[in-house]
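S.K.: Take a look at the following structure, please.
The values are calculated or read from the model by the stated rules, or taken from the named source; none is laboratory data. Computed from a prediction, not measured in an experiment: that's the story for all the values here. Heads up, the Cβs are rebuilt from the backbone with ideal geometry, glycines too, and the neighbour counts pull from every protein chain shown. Just the protein is used for accessible areas: all its heavy atoms, side chains included, with ligands, DNA and RNA removed. Shrake-Rupley method; radii C 1.70, N 1.55, O 1.52, S 1.80 Å.
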Amino acid sequence: MTRQAAGLVHLELAGVTVADVLQRLLASNPELKSHLFDGGRLRPDICILVNGRNIRYLDGEATPLDDDDTITIFRQVAGGAP
Amino acid sequence: MYGWMGTILRVNLSTGAITKEKLDENLARDYIGARGLASKTLYDELPPRTDPFDPANLLIFAAGPLTGTAATSASRYNVVTKSPLTGAIAASNSGGYLPAEIRYAGYDMIIVEGRSEEPVYLWIKDDQVEIRSAKAMWGKGTRETDALIRDETDDEAKIISIGIAGEKLVRFAGVINDRERAAGRSGVGAVMGSKNLKAVAVRGTGGIKIKDGAAFREAVLRNLAKIKSGPVTGEGLPTYGTAILVNVINSHGILPTNNFQLGEFAGAEAISGETLTRDLLVRNRGCLACPIGCGRVTEINWEGNRERGEGPEYESIWALGAACGISDLELITKVNFLCNEYGMDPITLGATVACAMELFAEGVLTVEETGMPLHFGDGQGLLELTRKTAMREGFGDVLAEGSARLAEKYGRPELSMSSKKQEYPAYDPRGSQGIGLGYATSNRGGCHVRGYTIGAEIVAAAVDPLTSAGKAKLLIDVQDFTCVVDSVGMCLFTTFSLGVDDVLPLLNAATGVDYTTESLLQAGERIWNLERLFNLREGLGREDDSLAPRLLQEPLPAGPAKGNVVELESMLNEYYQLRGWDNEGRPTGEKLQALGLG
């Protein structure tokens with residue numbers, strides 16, 4: 001969904017933490033703000049992964065980043081086949 | 001009765017006897033319908049240790065008390081029998097329009113027993129029931145069978161049929177209804193084939209009596225609003241269908257690749273829901289009274305022709321794709337179309353071919369056995385083996401037995417990615433511990449829809465997928481609630497937006513029974529335990545609540561779950577304890593007493 005709103009698939013952004021990267025992402029793609037945030041807080045239906053691990057189980061938006069880390073953002077819109 | 005139609009249709013194909021029985025109100029209350037009521041019937045009537053292909057095996061088509069009502073997404077039925085793939089209970093679920101038609105014809109369940117000497121089909125028009133010759137349809141695919149039977153009966157008839165795979169007793173043959181919807185797993189179509197029953201055609205013109213129309217309507221509208229506003233049911237599934245999961249699961253490093261050797265697939269983007277939507281999607285298709293409309297009508301260019309069908313769904317894309325290392329989405333879609341036409345479970349097919357590919361890579365299988373080279377990534381090989389499996393031709397005759405028997409035959413049983421001889425679906429449990437416990441304890445063998453903890457572990461990220469703590473309790477709650485949802489006749493997808501307290505007012509208003517939250521969940525627990533009792537009676541036990549050795553001993557080699565295996569033993573001990581079962585996985589007398597099963 002975010003991919004659709006941004007009209008792009010992959011971006012390279014610099015940042016020390018996830019929050020830094022999100023800030024840079026919104027600076028270049030301001031239309032994403034309403035998709036990702038609600039009243040300044042990350043929407044509860046947004047999942048952010050750092051190298052495949054949900055930041056809820058890391059340090060949230062303060063999760064530190066290394067070079068070449070991959071951040072994946074998606075909304076909770078998926079479900080498997082019954 | 002309200003909610004329930006109150007009548008069970010029983011057909012004995014050996015004698016030709018057709019009888020109608022009154023539904024017992026107490027049984028209906030305790031086992032609800034569909035999966036629950038049919039499982040109770042199978043448990044009570046099937047002699048222990050009956051061979052699944054023996055005429056004595058029962059084949060039960062069962063709808064729930066909400067099936068065919070105005071309740072949102074209540075368009076499901078179950079096909080229940082003893083599975084020829086697993087030897088355990090089989091309860092395979094499908095939606096569409098046929099399930100409601102069974103109810104409009106006046107029945108909650110159709111029980112088929114015995115075996116016909118010649119191919120036949122059932123023609124049910126309200127209270128008129130006939131056994132008709134199906135010689136003209138034998139050997140035909142499911143679509144042609146559907147058309148031929150509607151020509152002979154009523155163009156509005158809804159049809160359940162088997163294809164070649166069911167006729168040939170492929171152990172993972174499914175049944176197809178409404179031309180493209182599948183009760184696909186556990187070989188229920190093979191049991192139908194063993195009875196020489198090609199199809200069941202139903203036309204119903206009656207209605208369903210609701211006890212409290214106003215309360216029912218209010219509950220329907222409340223649930224509809226929740227379904228429409230839920231991110232998964234209101235947006236994700238309608239927009240992308242189930243295949244949206246390919247990239248999500250691959251991002252978590254748990255998209256099983258090359259027979260579960262890896263958890264990440266380099267070709268994921270090419271087989272993703274986004275690619276399917278962009279390149280192949282014609283339109284969405286929904287089941288009766290369902291605003292979600294997750295079905296995908298797709299079209300491919302194949303050998304110069306445009307071919308149209310439905311799917312593939314996420315699980316099929318995975319099994320025919322990543323599991324075999326194949327990233328050609330058009331080919332995967334073609335094989336999925338063939339599976340529908342042959343009436344064959346694409347999950348077990350893909351997983352079995354993946355197992356054969358690893359056996360080939362290991363040098364255990366050679367061209368002498370397979371008749372062709374069989375490497376991971378070989379789409380043409382998969383295509384050819386799909387046809388051969390359905391026909392039981394050459395090496396296909398071996399694949400038609402499923403991966404557990406294949407791997408056992410060649411002395412490498414550990415390479416079958418299955419539990420209770422049924423192949424796993426599309427989530428590597430080394431990176432999602434709860435679903436690992438779910439695969440191990442599922443009453444129908446490796447399966448995601450008996451206890452879809454992926455919803456909590458990955459989709460909603462409500463619990464950490466890598467930890468095993470708390471997963472036994474989570475799984476039990478999901479398993480019991482799933483029994484309720486399957487038994488009332490609702491779609492499991494509603495559970496992304498609805499809970500037990502949303503189902504409760506619907507069921508009470510429809511039936512007039514005063515279920516409480518506790519008694520309804522206890523009915524779910526009763527059904528789960530009854531299925532367990534069936535399996536125990538068939539000789540399955542703790543040793544069958546296990547996983548393929550790879551998942552227990554070989555850490556995932558890369559990705560977010562790198563280094564992890566499934567921590568099964570500790571989760572299983574806790575699971576048994578919380579279930580009120582002994583160390584061998586047998587419900588205690590106290591538990592049976594509490595559930596009214598003693």
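S.K.: Across the stretch B:376-482, how large is the tail of the calculated P(r) beyond 19 Å, expressed as a percent of all Cα pairs?
M.R.: That fraction is 53 percent.
S.K.: If you don't mind, there's one more thing I want to ask. Hey, got the dipole for the protein assembly as shown? About the Cα centre, +1 on K and R Cβ, -1 on D and E Cβ, debye to the nearest 20?
M.R.: Here the protein assembly as shown has a charge dipole of around 1360 debye.
S.K.: What net charge is computed for the residues neighbouring B:GLU362, neighbours being all others with C-beta under 12 Å from the C-beta of B:GLU362, Lys and Arg scored +1, Asp and Glu -1?
M.R.: Numbers: positive: B:ARG412; negative: B:GLU358, B:GLU414.
Around B:GLU362, the surrounding residues sum to -1.
S.K.: Please give the calculated 222 nm ellipticity per residue for chain B, where each DSSP H segment of at least 4 residues contributes -39500 (n - 2.57) and the sum is spread over every residue; nearest 500 deg cm²/dmol?
M.R.: My calculation for chain B gives -11000 deg cm²/dmol from helical runs alone.
S.K.: So which lysines can A:LYS33 reach, going by Cα to Cα under 27 Å and dropping same-chain residues fewer than 8 places off?
M.R.: Within the straight-line cut-off, A:LYS33 pairs with B:LYS226, B:LYS228.
S.K.: Here's a follow-up. Given the peptides A:17-29, B:23-35, B:231-243, arrange them by the average over their residues of other C-beta atoms within 10 Å, most packed first.
M.R.: Per-residue mean Cβ counts within 10 Å order the peptides as B:231-243, B:23-35, A:17-29.
S.K.: Give the average, rounded to an integer, of partner chain Cβ atoms located within 10 angstrom of each Cβ in A:43-56.
M.R.: 5
S.K.: Counting protein heavy atoms only and a 1.4 angstrom probe, how many square angstrom of accessible surface do chains A and B bury in total, to the nearest 100?
M.R.: Using a 1.4 Å probe, the pair buries roughly 2300 Å².
S.K.: If you don't mind, another one. Report, in listed order, any pair from B:LYS125/B:LYS209; B:LYS20/B:LYS125; B:LYS388/B:LYS420; B:LYS195/B:LYS409; B:LYS420/B:LYS562 with a Cα-Cα distance greater than 21 Å.
M.R.: B:LYS388/B:LYS420; B:LYS195/B:LYS409; B:LYS420/B:LYS562
S.K.: What is the calculated FRET efficiency for B:LEU578 to B:SER519, with r their C-beta to C-beta distance and R₀ = 25 Å, to the nearest 0.05?
M.R.: With a Förster radius of 25 Å, E is 0.80.
S.K.: With the contact rule set at Cα under 8 Å and sequence spacing of 6 or more, what percent relative contact order holds for the stretch A:2-75?
M.R.: 36 percent
S.K.: Let me ask something else. Let me make sure I get this right: for the stretch B:303-358, a, b and c are the square roots of the gyration tensor eigenvalues over alpha carbons, sorted descending. Under 1.5 in a/c it's rounded, otherwise prolate if a/b > b/c, else oblate. Which is it?
M.R.: Working: a/c = 1.94, a/b = 1.53, b/c = 1.27.
Prolate is the answer for the stretch B:303-358, as a/c is 1.5 or above and a/b outweighs b/c.
S.K.: Taking 2.2 N^0.38 Å as the expected size of a compact globular protein, what ratio does the Cα radius of gyration of chain B give against it, to two decimals?
M.R.: 0.89
S.K.: Partner chain Cβ atoms within 10 Å, averaged over the residues of B:227-235 - can you pull that number for me?
M.R.: 3
S.K.: Report A:LEU42's accessible area, 1.4 Å probe, all protein chains in place, as a number in Å² to the nearest 10.
M.R.: 40 Å²
S.K.: Counting only other chains, and only Cβ atoms inside 10 Å, what mean value do you get across the residues of B:494-504?
M.R.: 1
S.K.: Where does each of B:129-136, B:329-336 land if you order them by average Cβ count within 10 Å, highest first?
M.R.: Result, highest mean first: B:329-336, B:129-136.
S.K.: Still on this model: Sorted by packing (mean other beta-carbon atoms within 10 Å per residue), highest first, where do B:344-354, B:273-283, B:522-532, B:378-388 land?
M.R.: Highest to lowest by the protection proxy: B:344-354, B:522-532, B:378-388, B:273-283.
S.K.: Please work out the FRET efficiency for the pair B:HIS375 and B:GLU45, using the Cβ-Cβ distance as r and a Förster radius of 41 Å; give the result to the nearest 0.05.
M.R.: My answer for the efficiency is 0.30.
S.K.: State whether the stretch B:100-233 is rounded, prolate or oblate according to the following rule on the C-alpha gyration tensor (a ≥ b ≥ c being the square roots of its eigenvalues): a/c under 1.5 gives rounded; otherwise a/b larger than b/c gives prolate, and the remaining case gives oblate.
M.R.: It is prolate, given that a/c is not under 1.5 and a/b is the larger ratio.
S.K.: Under a 1.4 Å probe, what is the accessible area of the stretch A:2-75 per residue, stated in Å²?
M.R.: Values: 4380 Å² over 74 residues.
Ligands and nucleic acids excluded, the figure is 59 Å² per residue.
S.K.: As I understand it, the dipole of chain B uses +1 on the Cβ of Lys and Arg and -1 on the Cβ of Asp and Glu, about the Cα centre. Which of B:GLY36, B:ALA71, B:ALA400 lies farthest toward its positive end?
M.R.: Looking along the dipole axis, the top candidate is B:ALA71.
S.K.: Further question: Round to a whole number: what % of the accessible area of the stretch A:2-75 belongs to carbon and sulfur, probe 1.4 Å?
M.R.: Percent of accessible area from carbon and sulfur atoms in the stretch A:2-75: 48.
S.K.: Can you give me the convex hull volume of the Cα atoms of the protein assembly as shown, divided per residue and expressed in Å³?
M.R.: 145 Å³
S.K.: Share of chain B's accessible area from carbon and sulfur, percent, 1.4 Å?
M.R.: 47 percent
S.K.: Does the stretch B:248-327 come out rounded, prolate or oblate by the C-alpha gyration tensor, with a ≥ b ≥ c the root eigenvalues, rounded set by a/c under 1.5 and, if not, prolate when a/b is larger than b/c and oblate if not?
M.R.: Judged from the Cα gyration tensor, the stretch B:248-327 comes out oblate (a/c at least 1.5, b/c at or above a/b).
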